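Here is the structure we will look at.
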Amino acid sequence: MQAQEKIGEFNQKISNFPSIFIGHGSPLVAIEYDDWNDKIGNFIDGLDHPTSIIIMSAHWETEDTIEITSSRYPKQLYDFDHETYPDTLLQLTYPVNGDSELASHVKELLSDKFSNINLNDKRGLDHGSWIPMYVFYPNVDVNVIQISIPKSFSPEQIFEIGKRLSPLRDNGILLVGSGNVVNNTKEANFEKKYTETDEWAIKFDQWVNQKLTDLDFESLFTMTDKAPFSEKALKGLSHIMPLFFILGTFNNKDTIITLFDGFHYGNISMRSFALVS
């Protein structure tokens, strides 16, 4: 079975809530508007307003425990190299509300499969969460909770987290995975946002996209063994794990649609897609 892939405008309202994998790239996406912002924003504008958002970001890894933010007012983490970015970025505020009731419900949904789950009322939202939310909902009018990536988990286990939370899509909740398909920052040229992409990055990104189109999740689970240039493209699994979270929410009515296909800084894939019924 193949998923139908669509690239273009999204002008019709989508009745059932999708799940989204967002290639978040640099924090500068919050203040440097380009085609990525335009296409992502166009899609979000076509949705009904969610009741809450659950996001898994590449920038919150825990050891063996699934952690869920449960603060009513989660703090905003500026967890990036301050000297690299302009003061404008450091002055951005996103005073979003959390959702402690939803956090407890998420723990309940996961508890029959996973044993180590904690509600964390101290941890705030990292830039892999609040930066995309700033782009999605600049009016700060939707509650957000974040779920961690246990370092000991396999892609299949992260997939299972998404699967357990998939029913929440029917309750007006938007599920988001925030990472990057290609994220070798040592191979990026951060002095030029729009510069030539190396062939290895293109080939890995296209391989992932083809497996998404084919709904070949099994190959994606073993991408480190099967995908071309996987070791160079990934440099660890943190930025690809949110992709498996979103794939876990897939149902047999879903279509995978590409929201953005392209690169920033040469070799940072900004590929973003949604599962839409």
State yes or no: is Thr195 buried (at least 18 other Cβ atoms within 10 Å of the Cβ) and of a type in the set (S, T, N, Q)? no
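If you go through region 31-53, how many residues are part of a helix (DSSP H, G or I) and over 11 Å from Phe136 (Cβ atoms)?
From region 31-53, those part of a helix (DSSP H, G or I) are 35-45; that's our starting set.
With the extra rule that they be over 11 Å from Phe136 (Cβ atoms), the set shrinks to 35-36, 38-39, 42.
Matching residues across region 31-53 total 5.
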Count - residues of region 235-277 that are in a strand (DSSP E or B) and of a type in the set (Gly, Ala, Ser): 3
For residues that are under 22 Å from Leu175 (Cα atoms) and of a type in the set (S, T, N, Q), tally how many sit in region 218-246. 1
When region 174-224 is examined, which residues are found to be in contact with a Lys or Arg (Cβ under 7 Å, 6 or more places away or on another chain) and closer than 30 Å to Asp99 by Cα? Leu175, Val181
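Bear in mind these aren't lab numbers, they're just calculated from the coordinates by the rules spelled out. Predicted model only: the values in this text are computed from it and were never measured. Positions of Cβ are generated from backbone atoms using ideal geometry, with glycine treated the same way; all protein chains shown enter the neighbour counts.
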